[in-house]
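Asker: This is the structure I have questions about; it appears just below.
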Amino acid sequence: MFLVFTIGGGGTVIYGTWRNWPWLVNPPEELVFTYSLSFIKRVFGSAALRFHNYALGIAFVLAGLLAVWIEFFRK
């Protein structure tokens, strides 16, 4: 399950940012204190939010691939 959530979740964040899904690249400003992406957008701007989303997605995918490597190829 960990592998599905990390690789799938990371892929979803990368794809959603690339396709400009509103909840990832343009979150509502009124949720700034409850939604971390709104906070990042308000404090650092839209370009930093896109960078954050891509970096987070890549980190999730790499963590999942590392877990696959440890589980199956490191015996």
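Asker: Given that just one value was derived from the coordinates, which of (i) 89; (ii) 81; (iii) 69 is volume of the Cα convex hull per residue in Å³?
Answerer: The listed entry that was calculated here is (i).
Asker: Please compute the per residue accessible area over the chain with all protein chains in place, 1.4 Å probe, rounded to a whole number of Å².
Answerer: 72 Å²
Asker: For Cα pairs less than 8 Å apart in space and 6+ apart in sequence, what is the mean separation divided by the residue count of the chain, i.e. the relative contact order in percent?
Answerer: It rounds to 45 percent for the chain.
Asker: To continue, here is another question. Of T6, T12, which has the most accessible area and how do the rest follow, probe 1.4 Å?
Answerer: T12, T6
The values are calculated or read from the model by the stated rules, or taken from the named source; none is laboratory data. These numbers were taken from a predicted model, which means no experiment stands behind them. When the accessible area is computed, the model is the full protein with side chains, heavy atoms only, and any ligands, DNA or RNA have been set aside. Shrake-Rupley method; radii C 1.70, N 1.55, O 1.52, S 1.80 Å.
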